[in-house]
Each structure stands twice: as structure tokens, then as C-alpha cells.
Amino acid sequence: MNMSINFPHLGIYLGHVGKNIQFLGIDIAYYGIVIAIAMVAGVSLILAEAKRTEQDEDFYLNMLILSILIGIVGARVYYVAFSWENYKDNLWEILNTRGGGLAIYGGILFGAATACIYSRRKKVLQGQMVDTACLGLILGQIIGRWGNFFNREAFGGYTDNLLAMQLPVDAVRRNEITAQMWEHVQTVEGVMYIQVHPTFLYESLWNLLVLAFLLWYRRRKKFQGEVFFLYLAGYGIGRFWIEGLRTDQLKAAVGGIQFPVSRLLSLLLAVAGGTAILVIRHREKCKKRSEQYSESDDSTDMEHGGGAGSAAPKD
């Protein structure tokens with residue numbers, strides 16, 4: 001199998017990009033190494049943010065360990081559930097995660113649910129918790145997407161744009177090669193390459209921009225939880241667009257129609273995040289106006305001697 005990966009328009013030609021390394025005779029997948037680095041980086045940022053905002057770092061460390069473990073299980077469950085055709089005849093393959101097969105949405109949903117339940121039991125403010133946790137979550141996503149690079153997976157359809165990526169045909173799953181890709185197959189020194197959208201790179205760069213914005217905005221937020229809702233909206237918008245480029249979308253059949261699950265979920269997150277911000281901001285404005293009117297009425301009553309405790313007029 002040819003192990004090269006090229007970005008021809010950028011002049012980048014990587015002759016050998018392995019999928020694993022050996023340590024003490026054991027194969028360790030780069031995918032797993034990248035995910036581990038992503039987790040450590042994400043946890044480190046969350047703990048740093050907790051320290052900056054004078055929160056209990058031990059609470060976050062305990063919560064994150066539990067959320068990560070359950071999130072990994074959730075990521076696999078989500079992937080298998082919507083790729084059941086690949087596993088129904090070989091159930092033992094469900095346990096084999098060495099070649100990939102972890103869906104980020106499953107990890108987010110299971111991990112977030114665990115974090116919310118844990119924080120509620122510990123009586124920690126939900127809004128502040130999710131604002132803190134989402135910073136580490138998106139950093140982990142930025143790094144974790146590079147696991148797809150080593151696995152030659154999660155790519156899009158044919159493109160000839162500046163960031164176009166070339167992958168050897170024998171290094172990818174045949175069912176992910178579309179007719180358009182076959183039409184534009186290029187042969188270089190006897191090796192057949194497909195040229196595709198590097199969607200893992202698109203998502204990593206998009207999330208980097210979202211993280212930069214969140215780090216800038218977190219000191220300016222209007223209410224607890226706003227940073228988290230901005231994360232949902234920002235990530236959802238980018239993922240909705242990028243997911244539409246991929247050739248390996250997870251789909252569910254409803255009434256005989258195939259629906260792209262992750263893309264629909266992305267749209268739902270974007271709408272939910274944006275709507276929550278608008279609704280809560282409007283509610284906060286109405287609350288402030290009500291308080292201002294109340295203070296104004298009290299001041300007027302005092303000026304006219306009608307305040308509580310004022311002396312009654314004598315005859």
C-alpha cells in the first residue's frame with residue numbers, strides 16, 4: 001500500500017505518512033495518539049480557565065475524567081448505530097476502534113450529558129460550567145480531527161481548489177470513492193490518486209477561528225452560558241457546511257428516505273444556540289427594564305411622601 005499524502009497546489013508531498021508506530025512490539029495507531037493529545041490539551045485549557053475564574057479545579061478534573069470515558073463509548077455507539085450495515089454480520093468488529101470509527105457528535109452528546117448530571121449533583125452553576133468546558137472541548141476537536149488525516153478518512157468529494165489533497169486509491173475505502181473522483185483519478189509514477197476536499201482540515205481551521213472568538217468574547221459575555229451557546233452556533237454552522245462535502249456521511253432511513261444525521265444535528269445545534277442567545281438576551285433586557293421602572297416608581301413615591309414609613313398628614 002502506498003503511504004503518501006500530497007497537497008499538490010501547496011507544493012507539499014509527504015512520501016510516507018504511517019498509520020501507527022511500534023512500541024515494545026505493540027502497534028499504536030497515530031489516530032489514538034492524536035485523540036490522546038487532544039484530550040490532554042482540552043483538559044489543560046479547561047483547568048486553566050477554571051483557575052482564571054476562581055472555580056474548583058478538582059471538580060472539573062473529576063468531571064472531565066468521567067465525561068471523557070463515557071464520551072468515548074458514546075462516540076463509538078453513535079458511529080456503529082448509523083453504520084450498522086458494516087457491523088451487523090461481525091459484531092466483534094464493534095470493539096475494534098483501532099482503525100477509526102468514532103463519531104464526534106456521539107462523544108459530545110454522551111460527554112455533555114455526563115457533565116451536566118455530574119455538575120447538577122455537585123450543585124455547580126450549569127451556565128458557568130458549560131462556558132468553561134466548551135473551550136476545552138473545541139480545542140480537543142481542533143487537534144482530534146488530525147486523526148482523520150493519518151487514517152485517510154473523513155474527506156470530501158473531488159476538488160481542484162488550493163487545499164486539494166491527493167490520496168492513493170489503495171489507501172482509502174473503495175465505497176467512499178465517488179464516480180466524480182474516479183473520473184479525475186491521477187496517476188503519478190504508477191500510483192493512482194484521488195483528489196479530494198480535506199474536510200478534516202477545513203473543520204480544524206474553522207474550529208480554530210471559533211475558539212479564538214470565544215476566548216476573546218468570554219470576558220464580554222452578557223450572561224452565564226452565552227459562550228457555550230456561541231460555541232453551539234459557531235460549530236454547528238461550520239459543521240453543517242463541511243459535512244455536506246463528505247462522502248462518508250452517516251445516514252438514517254426514515255420512510256425510505258436517507259437523511260444525513262450529522263448534518264441535520266449540526267443545523268439543529270446552530271439554530272438552538274442562536275435562538276437561546278436571542279431569547280435569553282431579550283429576557284434579560286426585559287428584566288432590567290422592569291427593575292428600572294420599579295426603581296423609578298419607588299423614587300417618585302418617596303418624593304411625594306408616599307413611601308413606606310412616611311408620616312400620615314395631620315388634620
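No lab work stands behind these numbers, since they all come straight from the coordinates. These numbers were taken from a predicted model, which means no experiment stands behind them. FYI the Cβ positions are ideal-geometry reconstructions off the backbone, even for glycines, and counts take in every protein chain you see.
Remarks
- Since only Pro198, Trp216, Pro260 are under comparison, the one whose Cα sits farthest along the positive direction of the charge dipole of the stretch 180-267, derived from C-beta charges on Lys, Arg, Asp and Glu, is Trp216.
- Among Gly11, Gly274, Gly236, residue whose mean-square fluctuation peaks in a GNM of the chain (springs only between Cα atoms under 10 Å): Gly11
- Residue pairs exceeding 19 angstrom between C-alpha atoms, taken from Lys51/Lys222; Lys51/Lys287; Lys221/Lys288; Lys122/Lys288: Lys51/Lys222; Lys51/Lys287; Lys122/Lys288.
- Relative exposure of His282, His9, His197, judged by other C-beta atoms within 10 Å (fewest first): His282, His9, His197
- Counting other Cβ atoms within 10 Å as a rough exposure proxy, the listed residues Ser294, Ser67, Ser119, Ser4 run Ser294, Ser4, Ser119, Ser67 from fewest neighbours to most.
- Overall form of the stretch 154-270 per C-alpha gyration tensor (a/c, 1.5; a/b vs b/c): oblate
- Principal semi-axes of the equivalent ellipsoid, √(5λ) from the alpha carbon gyration tensor of the stretch 5-296, are 38, 22, 19 Å from largest down.
- Förster radius 51 Å - calculated FRET efficiency between Glu291 and Leu162, Cβ distance, rounded to 0.05: 0.45
- Selection of GluC sites (Glu not before Pro), the stretch 24-93, meeting DSSP coil and at most 13 other Cβ within 10 Å: Glu54
- Rounded if a/c under 1.5, otherwise prolate or oblate - the stretch 1-107, Cα gyration tensor axes: oblate
- This model, with +1 at the C-beta of Lys and Arg and -1 at the C-beta of Asp and Glu, gives the stretch 5-296 a dipole about its Cα centre of some 1240 debye.
- Principal-axis tilt of helix 104-121 within the chain, Cα atoms, nearest 10 degrees: 30 degrees
- Working note: 222 nm ellipticity from helices only, DSSP H runs with n ≥ 4, each -39,500 (n - 2.57), summed and divided by the residues of the chain, gives -19000 deg cm²/dmol to the nearest 500.
- GNM on the chain, alpha-carbon springs under 10 angstrom: the most fluctuating residue among Lys287, Lys19, Lys222 is Lys287.
- Summary of the geometry: the stretch 206-230 and the stretch 23-45, compared by the centres of their Cα atoms, lie 27 Å apart.
- Candidates Ile37, Ile46, Ile21: whichever shows maximal mean-square fluctuation once the chain is modelled as a Gaussian network with Cα springs under 10 Å: Ile21
- Between the Cα long axis of helix 57-81 and the first principal axis of the chain there is an angle of about 50°, rounded to the nearest 10.
- To the nearest ten degrees, helix 126-144 and the longest principal axis of the Cα atoms of the chain are 20 degrees apart.
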